[in-house]
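Okay, structure first, notes after.
Nothing in this text is a laboratory measurement; each read-out follows from the coordinates by a stated rule. Given the structure is predicted, the values throughout are model-derived calculations rather than measurements. Note: ideal-geometry Cβ built from the backbone for every residue, glycine included; neighbour counts use all protein chains shown.
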Amino acid sequence: MTDLHVHSLFCDGKSSPEDEVRAAIAKGVGVLGIVAHSYVPFDSCCIRPENVARFIGEMSRLKEKYRGQIELYCGLEADLYSPEIPDGFDYTIGSVHYLKHGGEYISVDDTPEILAGMIERHYGGDAVECAVDYFETVKQLKEMRPDIIGHFDLIKKFRRAVPIDEHDGRYIAAWQSAARELLTLGVPFEINTGGILRGWLDEPYPSREIADFIKANGGRLILSSDAHSAEEIAFGFGEYGEWE
């Protein structure tokens with residue numbers, strides 16, 4: 001098993017990297033990537049710039065200590081709006097967590113209330129128009145050239161509380177356009193089980209329809225848990241492994 005999207009205490013996770021390594025070994029995970037959220041000045045959940053070297057150093061220590069037991073990688077979940085992507089990481093996961101309106105960056109996955117407020121204020125209550133804007137923003141990840149595309153349709157996270165008509169032609173055209181754009185990078189898209197893990201969804205990111213579209217158009221998929229604690233590593237892999 002491979003899980004390349006696990007967060008630790010170095011950002012908004014709840015477990016130390018070493019506890020996560022030990023848990024992964026116990027679960028039979030052969031390849032583990034522990035990632036930090038890249039720094040953005042308007043969100044406290046990301047790694048602080050002064051802690052980047054310490055995180056990379058800790059991961060180097062763990063790679064040596066657990067050599068032969070597990071293959072470890074030090075990653076960065078690189079947000080589109082990070083002012084700088086530091087060097088020294090083994091790989092990056094490109095993600096969009098916010099939509100920009102003027103000088104304000106509004107999260108699409110913090111709370112349903114924040115998302116609903118943005119839809120009302122900036123899209124006249126039209127959730128599909130918000131989703132179209134989201135996928136247009138996701139296209140910009142191409143300029144970042146990440147190694148993995150993170151939670152491609154994160155905008156659906158709160159759909160139970162903030163419904164978005166995913167059958168609307170505008171929604172479908174928007175995600176297809178974004179997928180085609182990112183497929184040109186030749187990098188894998190996550191099958192991210194984090195939304196299920198946290199009780200918001202009953203399917204991964206992306207949806208089965210989007211996953212099938214990616215594969216039909218020559219793309220690759222890779223399982224990830226988006227775990228934020230040791231016990232969450234490889235969540236749902238048995239159920240969703242056949243999506244790859």
- Failed item in (1) over 24 Å from S225 (Cβ atoms); (2) assigned to a helix (DSSP H, G or I), with G125 passing the rest: (2)
- Message: Within region 174-195, does at least one residue satisfy the condition of being under 29 Å from P17 (Cα atoms) and in a helix (DSSP H, G or I)?
- Response: yes
- Task: Could you please find all residues in region 18-50 being touching a residue at least 12 places away in the same chain (Cβ under 8 Å), within 23 Å of P86 (Cα to Cα), more than 18 Å from the chain's Cα centre (by Cα) and not in a loop (DSSP other than H, G, I, E, B)?
- Result: E18, P49
- Task: Could you grab me the full set of residues in region 82-107 that are in contact with a strand residue (DSSP E or B) (Cβ under 6 Å, 6 or more places away or on another chain) and either surrounded by 19 or more Cβ atoms within 10 Å (Cβ to Cβ) or over 26 Å from L223 (Cβ atoms) (or both)?
- Result: F89, T92, I93, G94, S95, H97, Y98, L99, Y105, I106
- Within the set of pairs 6+ apart or on separate chains, which have a first residue in region 145-157 that is without any contact (Cβ under 8 Å) to a residue 24 or more places away in the chain, a second that is assigned to a loop (DSSP other than H, G, I, E, B), and C-beta atoms under 8 Å apart? none
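Of these, A53, A78, which one is assigned to a strand (DSSP E or B), in contact (Cβ under 8 Å) with a residue 24 or more places away in the chain, within 16 Å of D90 (Cα to Cα) and not aromatic (F, W, Y)?
Residue meeting the stated conditions: A78.
Restricting attention to region 165-193, which residues are within 26 Å of T111 (Cβ to Cβ) and either free of Cβ contacts under 8 Å to residues at least 12 places away in the same chain or crowded, with 21+ Cβ neighbours inside 10 Å (or both)?
Our first condition is that a residue be within 26 Å of T111 (Cβ to Cβ); within region 165-193, this holds for 165-168, 170-171, 174-175, 178, 189-193.
Hits for region 165-193 are H167, Y171, A174, W175, A178, F189, E190, I191, N192, T193.
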- Message: Quick test for you: out of E50, E18, E58, E71, pick the one residue that is in contact with a Pro (Cβ under 7 Å, 6 or more places away or on another chain), surrounded by fewer than 21 Cβ atoms within 10 Å (Cβ to Cβ) and more than 23 Å from L141 (Cβ to Cβ).
- Response: E58
- Which numbered condition G150 misses (of (1) closer than 19 Å to I47 by Cα; (2) small (G, A, S); (3) surrounded by fewer than 21 Cβ atoms within 10 Å (Cβ to Cβ); (4) out of contact with any helix residue (DSSP H, G or I) (no Cβ under 7 Å at 6 or more places or on another chain)): (3)
- Task: Within region 32-43, identify whether any single residue is within 20 Å of A78 (Cα to Cα), of a type outside the set (D, E, K, R) and surrounded by fewer than 16 Cβ atoms within 10 Å (Cβ to Cβ), and answer yes or no.
- Result: yes
- May I ask you to list the residues in region 154-164 that are out of contact with any Pro (no Cβ under 9 Å at 6 or more places or on another chain), surrounded by 14 or more Cβ atoms within 10 Å (Cβ to Cβ) and more than 20 Å from E77 (Cβ to Cβ)? R159, I164
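So, in region 198-239, how many residues would count as being of a type in the set (F, W, Y) and touching a strand residue (DSSP E or B) at 6+ places or on another chain (Cβ under 7 Å)? It would help to see each step written out before you state the result.
The initial filter retains those residues of region 198-239 that are of a type in the set (F, W, Y), namely 200, 205, 213, 235, 237.
Imposing the further condition that a residue be touching a strand residue (DSSP E or B) at 6+ places or on another chain (Cβ under 7 Å) reduces the set to 205, 235, 237.
Qualifying residue count, region 198-239: 3.
Residues checked against (1) under 16 Å from the mean Cα position of the chain (by Cα); (2) of a type in the set (S, T, Y); (3) surrounded by fewer than 22 Cβ atoms within 10 Å (Cβ to Cβ):
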| position | (1), (2), (3) |
| --- | --- |
| L201 | yes, no, yes |
| K215 | no, no, yes |
| G219 | no, no, yes |
| E231 | no, no, yes |
| G236 | yes, no, yes |
| Y240 | no, yes, yes |
| E244 | no, no, yes |
